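Rule-based calculations on the coordinates, nothing more; no lab input. All figures in this text were calculated on a predicted structure; none of them were measured in a lab. Using ideal geometry, Cβ is built from the backbone for each residue, glycine included, and neighbour counts are taken over all protein chains shown.
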2 protein chains.
Amino acid sequence: MPADEFRKYGYEVVDWIANYFEHIDEYPVLSQVEPNWLKDNMPASAPENGEDFGTVLADVDRLIMPAVTHWNHPNFHGLFSTSTSSVGVFGEMLTAAFDLKGMLWRTSPVSTELEDVVLDWLRQMMDLPEHFEGIIYDTASVSTMHAIAAAREKAGFSIRDKGMSGRDDVPLLRVYCSEHVHSSIDKGVITLGLGLRSLRKIECNDRFEMIPEKLAAAIEEDIAAGYKPICVIPTIGTTSTSSVDPVDAIADICEKYGIWLHVDTAYAGSTAIVPEYRPLFKGWERADSIVVNPHKWLFTPFDLSVLYCKDLSVLKDAFSLVAEYLKTTGEQSVKNGMDYGIQLGRRFRALKFWFVIRYFGREGLIARLRDHCRLARLFASWVEASDRFELLAPVPFALVCFRACPAGVEDLNALNERIMNDINTSGEAYLSHTKLGDKYTLRLSVGSIRVEERHITKVWDSLNRHLAEGGVA
Amino acid sequence: MPADEFRKYGYEVVDWIANYFEHIDEYPVLSQVEPNWLKDNMPASAPENGEDFGTVLADVDRLIMPAVTHWNHPNFHGLFSTSTSSVGVFGEMLTAAFDLKGMLWRTSPVSTELEDVVLDWLRQMMDLPEHFEGIIYDTASVSTMHAIAAAREKAGFSIRDKGMSGRDDVPLLRVYCSEHVHSSIDKGVITLGLGLRSLRKIECNDRFEMIPEKLAAAIEEDIAAGYKPICVIPTIGTTSTSSVDPVDAIADICEKYGIWLHVDTAYAGSTAIVPEYRPLFKGWERADSIVVNPHKWLFTPFDLSVLYCKDLSVLKDAFSLVAEYLKTTGEQSVKNGMDYGIQLGRRFRALKFWFVIRYFGREGLIARLRDHCRLARLFASWVEASDRFELLAPVPFALVCFRACPAGVEDLNALNERIMNDINTSGEAYLSHTKLGDKYTLRLSVGSIRVEERHITKVWDSLNRHLAEGGVA
């Protein structure tokens, strides 16, 4: 594409995005199309000849937009509310333009070293000890998989070289987490060939926090049965309720038995930069590895997940392989990103995060996280003050678990599911749910860079209206 | 960021990129900085307060650019020459702006369905049978890992549920590939807990192609030893030399023994859209899975790798898990991307590829691939006609393996290594190398969307000059 044409259409795309961000809360949060709408409206085959980019961009409005669920909408409160900042978009523009593959230092000095710089900045902001060194992956699923792989290797059965099939000298390896963990841990053990059988889920208290005594008892029991505990994964900010497992007490247990401690704080880890939230992280400085996702709650476009390790060389021991075509000379002291995981080529993800940190500054990031937590507590206070709603879990960060519980309704689960589906279908806001015990629980996550008090008020009004519309006054 | 500011800086970033692409061949291909240059020039900590984005953008010139190795430079001929088109950059801009996480259909109808649409377009362009269904991952390493995971599950030992540790009923599982495969296969078996021991590398002929008789003999031998062959991975376009394993003959063997056939054509697969190259792909239509990377040679920014499966439900059987917070109602018939692999959230990668296909059209893509292959053959013809250089492998696609071999030089390996390092250090071009037998082999890969005949001429001149400068006339 000639430079003039690139400028012309580039400006149009910038205008398009500016307009999108400016009017984002006028869109229905959840896409209103039926399954197969997009497929049915697309040509069956690729065009034979190239088309003008103007035509393509017009089709973004015509075909793409109706099928978008707007994650950047300030009323996207489902799952975890994540969002990109404007500077994050600029970062992705340049990353795409460089299009480098960060495998070796020499094929991408900028990517390798900027990654170290921004991860050390984040480490300092989160007040983690200096011995933690980080590496960027795409998602928390992949970060956690690598952490468990490191634990598997450290367990001492030469699994990297000999594997686990055709052997009878590898006992059942066990990984422990609470009942409320993210499904990524299940997928991690599946991928690594440990299987779901290797994952033992530990009971929680009524605040949805792992009970350390139950963990210790499970480990004792497993050791007595001849099994080998290799990894414990407490979560700070679980997916269901954002509950906080007692990491310090769990670290004592890991230390006693020599087990790898991996802390999953993919969602809530960002708040460790806010001084008054640090007590919730007590004990994480004793971890072997920690996952935190700037793409979740630090306004960085998806994807960018960080794995911090006490000793990153364990990952290198587990994964490093240097094929002849990747050997370089004279750079023995440099770090080659490809040595620390399954991916050879790695996107230049550090750039967008560097933009975010510089544009907002430490204080700017802290202010936004504080405000999100304030808004969540405000919403929780309305729930508590109401006699038609109730809180179902503590609110340590910016996620509120609650339900409607008007007097005289027998099937509260059906009621809450109906209310959630009505709101989601209307496009006013997007909520998700979980099950706590047998209770269908609504989840309101506050985390968008565009969220203001009026958006939270809107959800509260909407909930009350949809409750009333269902015939419950 | 206010919309006006977004427009202002967005235009500046567009201008920056336009200028970069326009002048890209004036930069040294390989970054000229020493290790730690970037780190030494960065502040030790994050800024306390936010900075104007103009300051940050100025630092891109001052701090980022010197440390960039320019993968988009038309004289980047190392590894595989990959590049992004301009419209690919526009795709990443919008993907970042939407910032959606394609886990469930409902959280991203657009991502789920556009992925199916463009992968079916590509399938048709490559003339693969209709039963192949695709899924997008980040890299070929991850695609291949999933293919082997599917093979592992299909082998029938319930590894997803029971794993491989603490069992004596899983025989040694074997994966077969040639001596010239990509390191991603080694990493795949490491990750999956099969270990390097499970990977058996089969001897090649003097054209670097797997010898089917050797494969059959290895399988027979393994079966006799009580091992279980689970997967054979021939490559169409190996990393070292772009050689083509005889897939059709290998498919016969896989059929006979009931073994999963995974075809790695991450690099060369793109050329299957060019009719006259299709004979090289004979037999791939019999595969259980195929990996091809549009981010390598279809002008799509990194990352976008595609895994096609004859029966995608095998992947779902191996990986699907639905946590309560991910359950949705009324959409039983939709495809949820998260069910097909380890990653829960998945970037909206299909958009950039849709842009690329529409902007270039089938004919436009074919024309560019044809031209790259023509340029590689042209360069190879110069090598063949010279008495100071020789070809070391056939040139089926657009990669030339060669070396300098002037009369009277004893240590040709040292000579070629010196020439390559001189050229790379000079910044004129970037070449990489491999070892073929005991021969240090130079590799020239042609694949940039910006490459013209003059760039190839420049490398040839540079090689001859650097050869002469070393005192070999």
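Considering only the other residues whose Cβ falls under 14 Å of the Cβ of B:S45, what net charge follows from Lys and Arg at +1 and Asp and Glu at -1? Local charge sum for B:S45: -3.
Put simply, the C-alpha atoms of the protein assembly as shown give a gyration tensor, and the ellipsoid matching it has half-axes of 44, 33, 27 Å, longest first.
Secondary structure note: in the protein assembly as shown, about 60% of the DSSP beta bridges are antiparallel.
For region A:231-280, the orientation-averaged shadow of the C-alpha convex hull comes to 3.5 nm² (one quarter of the hull surface).
From least to most packed, judged by other beta carbons within 10 angstrom and beginning with the fewest, A:C177, B:C373, B:C405 follow the order B:C405, B:C373, A:C177. Measuring from the axis that maps chain B onto chain A, the chain B residue with the nearest beta carbon and its rounded distance in angstrom come out as B:G193, 1. Take A:K214, move 7 Å from Cα toward the beta carbon, and the resulting point lies 5.6 nm from the same point in each other copy, nearest first. In terms of its C-alpha gyration tensor, region B:13-111 has an oblate overall shape, because the principal axis ratio a/c (a ≥ b ≥ c, square roots of the eigenvalues) is not below 1.5 and a/b does not outweigh b/c. Annotation: lysines with alpha-carbon distance below 28 angstrom to A:K39 (same-chain offsets under eight excluded): B:K101, B:K296, B:K310, B:K316, B:K327, B:K335, B:K352. Of all DSSP bridge pairs formed entirely within region A:101-347, close to 40 percent run antiparallel. The string of couplings for region B:409-423 from the Karplus curve (6.51, -1.76, 1.60, θ = phi - 60°) is 9, 6, 9, 5, 4, 4, 4, 5, 4, 5, 4, 4, 5, 4, 5 Hz, one whole number per residue in order, with x for Gly and Pro. Taking the Cα centre of each part, how many Å lie between region B:30-49 and region A:438-453? Measuring centre to centre over Cα atoms gives 38 Å. Taken about its Cα centre, region A:282-423 carries a charge dipole of roughly 700 debye when the Cβ of each Lys and Arg holds +1 and the Cβ of each Asp and Glu holds -1. In this assembly of identical copies, the label point of B:D4 (Cα plus 7 Å along Cα-to-Cβ) is separated from its counterparts by 3.1 nm, sorted shortest first. For region A:142-222, the set of trypsin sites (Lys or Arg not before Pro) satisfying both a DSSP loop assignment and a count of at most 13 other C-beta atoms within 10 Å is given as A:R207.
Couplings for region B:138-152, taken from phi via the Karplus curve 6.51 cos²θ - 1.76 cosθ + 1.60 with θ = phi - 60°, read 6, 9, 5, 4, 6, 4, 5, 4, 5, 4, 5, 4, 5, 4, 4 Hz in order; Gly and Pro are left as x. By the count of other C-beta atoms within 10 Å, a proxy for reagent exposure, B:V33, A:V322 are ordered fewest to most as A:V322, B:V33. Seen from B:A140, the other residues with C-beta closer than 15 Å to its C-beta sum to a net charge of +1, counting Lys and Arg as +1 and Asp and Glu as -1. By the count of neighbouring beta-carbon atoms within 10 Å, fewest first, A:I17, A:I24 end up ordered A:I24, A:I17.
A DSSP coil position with no more than 13 other Cβ atoms inside 10 Å describes the following GluC sites (Glu not before Pro) in region B:141-203: B:E179, B:E203.
Could you work out, residue by residue across B:3-13, how many beta carbons of other chains sit within 10 Å of that residue's beta carbon, and then give the average as an integer?
Mean inter-chain Cβ contacts per residue within 10 Å come to 6.
Normalised by the number of residues in region A:361-469, the mean separation of alpha-carbon contacts (under 8 Å, six or more apart) gives a relative contact order of 26 percent.
If you take all other residues with their beta carbon under 9 Å from the beta carbon of A:H131, and give Lys and Arg +1 and Asp and Glu -1, the sum is -2. With a cut-off of 20 Å on the backbone N, the residues of region A:204-244 near the modelled label site 7 Å out from A:E390 along Cα-Cβ are A:205-209, A:241-243. Can you run phi through the Karplus equation (6.51, -1.76, 1.60; θ = phi - 60°) for region A:3-11 and list ³J(HN,Hα) in whole Hz, with x for Gly and Pro? Coupling constants for region A:3-11: 4, 5, 5, 4, 4, 4, 6, x, 4 Hz. Legend: calculated FRET efficiency, B:K256 to B:S333, from the Cβ-Cβ distance at R0 = 45 Å, rounded to 0.05, equals 0.75. Here A:E384 yields copy-to-copy label distances, from shortest upward, of 8.2 nm, the label point defined as 7 Å from Cα along Cα to C-beta. Based on C-alpha pairs under 8 angstrom that are at least 6 apart in sequence, chain B has a relative contact order of 22 percent. The smallest convex shape that holds all Cα atoms of chain B, its convex hull, gives 187 Å³ per residue.
What percent do you get for the relative contact order of region A:3-76 when only Cα pairs under 8 Å and 6+ apart count? Value for region A:3-76: 52 percent. Rounded, prolate or oblate, given the Cα gyration tensor of region A:232-354, with a/c below 1.5 counting as rounded? Because a/c hits 1.5 or more and a/b fails to exceed b/c, region A:232-354 counts as oblate. Under 18 Å of direct C-alpha separation, and excluding same-chain neighbours fewer than eight residues apart, B:K439 reaches these aspartates and glutamates: A:E324, B:E179, B:E203, B:D206, B:E209, B:E384, B:D387, B:E390, B:E410, B:D411, B:E417.
Hey, what number do you get for chain B at 222 nm if only DSSP H runs of n ≥ 4 count, each worth -39500 (n - 2.57), divided across all residues, to the nearest 500?
After summing the helix terms and dividing by the residues of chain B, the value is -13000 deg cm²/dmol.
Would you please calculate the Kirkwood hydrodynamic radius of region A:101-347 over all C-alpha pairs and express it in Å, rounded to one decimal? Don't skip to the end; give the middle numbers.
Working: mean 1/r = 0.0542 Å⁻¹.
The Cα-based Kirkwood calculation yields 18.5 Å.
Can you tell me what share of the DSSP beta bridges in chain A is antiparallel? A percent to the nearest 5 is fine.
60
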